[in-house]
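**Q** Can you keep this structure in mind? I'll have questions shortly.
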Amino acid sequence: MTVGRELARDERKGIRRLVTGWCANYDSGEDICLPLDGSCYMLGKGWTGSFCRYFRGSVLPLDPVLEKAVCEEGPPPDTKPCAVCGKPFLPEGRQAYCSPACKDEGNRRRSRERMRKKRAKPGQGCYDLGLPKARGSKGS
Ligand SMILES: [Zn+2]
């Protein structure tokens with residue numbers, strides 16, 4: 001087992017978000033870990049390694065990017081920013097969005113963009129007749 005490394009600020013923030021939002025043992029009213037009847041070990045954590053077992057097994061997997069980042073040794077995970085919300089995620093294949101919701105939004109934006117382009121064209125439509133001229137301008 002390695003000593004671990006210091007957690008980045010974003011990683012600590014991510015852990016806090018998971019604990020306060022998802023951990024079944026966390027009591028938000030008292031700000032304590034119920035089984036420990038004391039402050040949550042994960043909230044004060046500054047280093048990787050030896051996570052709370054419940055957190056590691058049941059809470060951390062909710063954020064696969066964070067899980068990979070704080071639990072795996074070696075280079076940072078191969079994440080990609082979501083094309084819609086910019087949130088990093090682990091792409092499967094050629095996936096460009098972090099979630100189905102973002103995928104829908106992405107498709108909507110793309111078709112809106114297509115419509116806009118289509119609508120922008122007609123103004124120049126009459127010049128289509130001059131096409132041979134454009135071609136001929138290559139000269140010689
Ligand atoms: Zn997204």
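The values are calculated or read from the model by the stated rules, or taken from the named source; none is laboratory data. Please read all numbers here as calculations on a predicted model, not as lab measurements. FYI the Cβ positions are ideal-geometry reconstructions off the backbone, even for glycines, and counts take in every protein chain you see.
**Q** All but one of (1) more than 30 Å from Pro81 (Cα to Cα); (2) hydrophobic (A, V, I, L, M, F, W, C); (3) in a helix (DSSP H, G or I) hold for Leu36; which doesn't?
**A** Tallying (1) more than 30 Å from Pro81 (Cα to Cα); (2) hydrophobic (A, V, I, L, M, F, W, C); (3) in a helix (DSSP H, G or I), Leu36 fails exactly one: (3).
**Q** Just to be sure before I move on: is Leu90 crowded, with 16+ Cβ neighbours inside 10 Å and closer than 25 Å to Ala8 by Cβ in the structure I sent?
**A** Values: crowded, with 16+ Cβ neighbours inside 10 Å: no; closer than 25 Å to Ala8 by Cβ: yes.
So Leu90 does not fit the description; no.
**Q** Give the residue, chosen from Cys52, Cys40, Cys85, that is modelled with pLDDT of 90 or more and within 9 Å of the chain's Cα centre (by Cα). Before you say what the answer is, go through the steps one by one.
**A** On the way: Cys52 fails: within 9 Å of the chain's Cα centre (by Cα); Cys40 fails: within 9 Å of the chain's Cα centre (by Cα).
Within the list Cys52, Cys40, Cys85, the selection yields Cys85.
**Q** Output the number of residues of region 55-75 satisfying the condition of being more than 16 Å from the ligand (Cβ to nearest atom) and either within 14 Å of the chain's Cα centre (by Cα) or not in a loop (DSSP other than H, G, I, E, B) (or both).
**A** Filtering region 55-75 for residues more than 16 Å from the ligand (Cβ to nearest atom) gives 55-61, 67-75.
Keeping just the survivors that are either within 14 Å of the chain's Cα centre (by Cα) or not in a loop (DSSP other than H, G, I, E, B) (or both) gives 55-61, 67-71.
The total comes to 12.
**Q** Run down Gly46, Gly38 and say which single residue is exposed (fewer than 11 other Cβ atoms within 10 Å of the Cβ) and either aromatic (Phe, Trp, Tyr) or in contact (Cβ under 8 Å) with a residue 24 or more places away in the chain (or both).
**A** None of the others qualify; the one that does is Gly46.
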